[in-house]
Amino acid sequence: MSRTTPPNEAGPTPLSKQEYELLAELHTALRRFARTTELAVRRIGIMPQHYLLLLALKGFPGREWATITELTERLQLRHNAVVQLVNRMETVGLVRRTQAADPTDLRIVHVDLTGYGERVLQATASSLRVERARITQTLAVVLADEASSEAAALSPIPETEADA
């Protein structure tokens, strides 16, 4: 087993038991949210990747469309995977492509939701309200505990009479 830090050099500060518990709670909450989302979108009849792309489009800052490159970044997928995903979703009527206004680069297309895609997204997102509230509450607890742990770790050691 290789080491990233030689044994005689100081590494990062080890995590406390409480920090491991918070990390485990965070991971469990995120995984529960992901799994609940997966099940909900499958019940509606789409794949989880379809939902994530619909959400990325509707939630794109400042506009109702995105380019393939922007979707690639948002979804953290390879370019060709996003192109294939958009192709499949366009075939079933969830999204549409339109040519960008830039006549100098015909490769740039805008991807946006169709009316059907909007309805599917609305139904899915609405069905997940309770789970979003649950993960928001869990995150608030975990982040508050994490912030207090970090503050305690960063606070100066109180001076004793011997130090004065």
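Each value in this text was obtained by applying a stated rule to the coordinates, not by laboratory testing. Since we're looking at a predicted model, the values are computed, not measured. For neighbour counting, all protein chains shown are included, and Cβ atoms are generated from backbone atoms with ideal geometry for every residue, glycine included.
Among the residues of the stretch 109-134, the ones that are under 16 Å from TYR51 (Cβ atoms), part of a helix (DSSP H, G or I) and among the β-branched types (Val, Ile, Thr) come to 2 in all. Only one of the numbered conditions (1) within 28 Å of ARG129 (Cβ to Cβ); (2) touching a helix residue (DSSP H, G or I) at 6+ places or on another chain (Cβ under 7 Å); (3) in a helix (DSSP H, G or I) is not met by GLN18, and that is (1). Taking the numbered list (1) surrounded by fewer than 17 Cβ atoms within 10 Å (Cβ to Cβ); (2) in a helix (DSSP H, G or I) in turn, LEU106 passes all entries but (2).
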